[in-house]
Amino acid sequence: MTTLNSSGGASEARILGIGTYRPTRVVPNDELVEAIDSSDEWIQQRSGIKERRFAGPDETVQSMSVAAGRQALERSSIEAAQIDCVVVATISHMMQTPAIATAIAHDLGSDAPAFDISAACAGFCHGLALASDMVRGGSAKHVLVVGVEKLTDITSLTDRGTAFIFADGAGAAVVGPSEDVGIGPVVWGSDGEQYDLIRMNEDWRDVLAQQTPEMPHLVMQGSAVFRWASFAMAKIGQQTLDKTGITVDDLDVFVPHQANMRIIDAMARTMKIPAHVKIARDIAQQGNTSAASVPLALGRMIDDGEARTGDVALLIAFGAGLSYAAQVVKVP
Ligand code: UT7
């Protein structure tokens, strides 16, 4: 009987390094409030956002990803030629095809397979799950996972429910082989019954059928998403700990998707996250950057010394779809 070669694979996978890129322009609440009849006080109270970063014309989905990717490679001591796959999570690459991942790989000096995934704010954690499985399954030794958004291209600054929330940036992680478990089992899923809660306001064909077509933009039923995120996602966090075989007491770091400071607090309360656990609160300075939010938040904690090498971190991301993904990782 003919036997085929196995694809091999490492026994476990881990994050080797994280890189980030934050656009240079800082936009305080005061700059946005007039167009949406709001106030700095309201925005801070309801969302925890003080300021965010908006990308300029030269800060593109591609360039921000390359900057974050390059830093992740440097911090992992990995050359571009060692990357076997590039996975880019984004909803704001403005070309239907080709995927932006191939251009990002090329700019980094890699000709590895490269593709985009669309899982909105949950995209980075989806990418991390795929990367971990690739490394353990043998289809790649090193995978670069990028979460990137230029949401200002698809946000209306006159939409009261979203203008003050969404922002721009990129985060990246290199995933590679490990002897110990560095990325725990993923808990992920979707709730398509709530497909309409966060979406583009119009389909391209409907836009083009109009006499004066306007760029479509994101719309969100904020309070319905808020309720879902605050309660359903705390359960997913607990399921993730159970599947990993740890409890909240074993955590050092908690990095929920940076959607709203009140959601972060509600999840921490519901999950009874102990006081010693450091909680990511990047949203105050960065706003909600969808697929980039988890790596940006973890990156800030590493840079500030709040998260240290070997720390146990629960990542949990959720958003449009509705979709979600969570896993426990060891901080690189
Ligand atoms: O990243 C993907 C996942 N996204 C999320 O998880 C986001 C979840 N949702 C949220 O973060 C919150 O729903 C928002 C921050 C978007 C809104 O906060 P909220 O507490 O849910 O506000 P609301 O929509 O229930 O509105 C409360 C009040 C209303 O006034 P009345 O009816 O109570 O008099 C609104 O008209 O606040 C008013 N309002 C505003 N006031 C000032 C709504 N938007 C604004 C605004 N400025 N921008």
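The values are calculated or read from the model by the stated rules, or taken from the named source; none is laboratory data. Computed from a predicted model, the values in this text were never measured in an experiment. Neighbour counts are summed over all protein chains in view; Cβ atoms, including those assigned to glycine, are modelled from backbone coordinates with ideal geometry. For the accessible areas, the whole protein counts, side chains as well, though only heavy atoms, and no ligand, DNA or RNA atoms are used. Shrake-Rupley method; radii C 1.70, N 1.55, O 1.52, S 1.80 Å.
Quick notes on this one:
- When nucleic acids and ligands are ignored and a 1.4 Å probe is applied, PHE164 ends up with an accessible area of around 10 Å².
- Kirkwood hydrodynamic radius over Cα pairs of the chain, then Stokes diffusion coefficient at 4 °C and 1.567 mPa s, in µm²/s: 65
- Protection proxy ranking of 235-242, 46-53, by the mean of other Cβ atoms within 10 Å over each peptide's residues and highest first, is 46-53, 235-242.
- Pairs exceeding a 30 Å alpha-carbon distance, out of LYS141/LYS243; LYS50/LYS141; LYS141/LYS272; LYS150/LYS243; LYS141/LYS330; LYS50/LYS272: LYS50/LYS141; LYS141/LYS272; LYS150/LYS243.
- Contour excess over end-to-end distance, with Cα ends at SER118 and MET95 and 0.36 nm allotted per residue: 7.0 nm
- Take each peptide in 204-216, 273-285, count the other Cβ atoms within 10 Å of every residue, and average; sorted highest first, the result is 273-285, 204-216.
- Maximal additional length on extending the VAL207-ALA35 stretch stands at 59.6 nm, based on 0.36 nm per residue less the C-alpha distance.
- The chain: angle of helix 261-270 to the longest principal axis, Cα-based, in degrees nearest 10: 50
- Solvent-accessible surface of segment 43-171, taken per residue with a 1.4 Å probe and all protein chains present: 38 Å².
- Cβ crowding within 10 Å averaged over residues, with 292-302, 127-137, 111-121 ranked highest first: 292-302, 127-137, 111-121
- For the chain, the longest principal axis of the C-alpha atoms and the axis of helix 123-137 are separated by about 10°.
- Folded to 0 to 90 degrees: helix 61-76 orientation relative to the chain principal axis, Cα: 40
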